[in-house]
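Student: Before I ask anything, here is the structure I am working with.
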Amino acid sequence: MDAIAVGSVTLRPWQPSDRETAAQLIAQVLAEYGLGWEPEDADRDVIEVEQAYWQTGGVFWVLEQGDRLVGTGAFYPLPMRGEGATEIRKMYLLPEVRGQGLGRALLQRLEQAIAEAGYRQIWIETSSLLKEAVRLYESAGYQPATEVHTQRCDRVYCKSLSS
């Protein structure tokens with residue numbers, strides 16, 4: 001994917017030089033909601049993007065405003081949920097860019113890329129503390145499901161894509 005404009009923000013593929021800044025951004029948003037940064041567990045994929053995303057056929061994107069990262073979003077295959085399943089991961093926006101439709105635009109772009117890659121099911125795990133995210137996923141047609149696998153999460157959602 002080439003970089004694309006989403007409002008005043010540019011969505012582009014993650015680069016190794018983004019590693020530390022993306023990790024700090026995610027840690028900052030998690031802390032805002034009272035959730036811990038877990039580089040050895042739930043957030044290890046942010047430190048190891050090449051292995052977790054690139055080598056598995058997934059993608060990791062960043063949102064950039066000017067020369068500053070303001071958000072992230074990613075997906076990778078999720079064989080444990082069945083053939084054709086993928087999981088949206090690391091969808092975070094800094095507070096100053098929320099409320100501008102960027103979350104919805106990012107989710108739609110992720111869904112488009114997922115469909116183009118041939119996946120048939122999208123899974124998302126989240127925390128009920130992330131109220132804006134929960135509202136976004138539910139309004140986008142994600143249905144509550146079972147079997148949360150990430151310790152800090154207490155909700156899981158699934159959406160089937162049309163063939």
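The values are calculated or read from the model by the stated rules, or taken from the named source; none is laboratory data. In this text, all values refer to a predicted model and were calculated from it rather than measured experimentally. Using ideal geometry, Cβ is built from the backbone for each residue, glycine included, and neighbour counts are taken over all protein chains shown. Note: accessible area is taken over every heavy atom of the protein model, side chains too, but ligands, DNA and RNA are not part of it. Shrake-Rupley method; radii C 1.70, N 1.55, O 1.52, S 1.80 Å.
Student: Considering only residues of the range 77-111 that are within 15 Å of Gly57 (Cα to Cα) and of a type outside the set (D, E, K, R), which is surrounded by the fewest Cβ atoms within 10 Å (Cβ to Cβ)?
Tutor: In this case the residue turns out to be Pro79.
Student: Same structure again: Can you name the residue in the range 112-131 that is part of a helix (DSSP H, G or I) and open to solvent by 60 Å² or more (accessible area, probe 1.4 Å) and is also farthest from Thr56 (Cα to Cα) among such residues?
Tutor: By that ranking, first place goes to Lys131.
Student: Quickly run through the range 132-149 and pick out the residues that are in a loop (DSSP other than H, G, I, E, B), surrounded by fewer than 17 Cβ atoms within 10 Å (Cβ to Cβ) and not small (Gly, Ala, Ser).
Tutor: Hits for the range 132-149 are Thr146, Glu147, Val148, His149.
Student: Residues of the range 2-40 being exposed (fewer than 12 other Cβ atoms within 10 Å of the Cβ), within 18 Å of Phe75 (Cα to Cα) and either of a type in the set (Asp, Glu) or touching a Phe, Trp or Tyr at 6+ places or on another chain (Cβ under 8 Å) (or both), which ones?
Tutor: Across the range 2-40, the qualifying residue is only Asp2.
Student: Would you mind telling me which numbered condition in (1) at positive phi; (2) under 14 Å from the mean Cα position of the chain (by Cα); (3) assigned to a loop (DSSP other than H, G, I, E, B) Ala42 fails?
Tutor: The number of the failed condition is (1).
Student: Out of the range 18-59, which residues are acidic (Asp, Glu) and within 29 Å of Ala115 (Cβ to Cβ)?
Tutor: Correct list: Asp18, Asp43, Asp45, Glu48, Glu50.
Student: Report yes if some residue within the range 60-74 is hydroxyl-bearing (Ser, Thr, Tyr) and open to solvent by 20 Å² or more (accessible area, probe 1.4 Å); otherwise report no.
Tutor: There is no residue in the range 60-74 that is hydroxyl-bearing (Ser, Thr, Tyr) and open to solvent by 20 Å² or more (accessible area, probe 1.4 Å).
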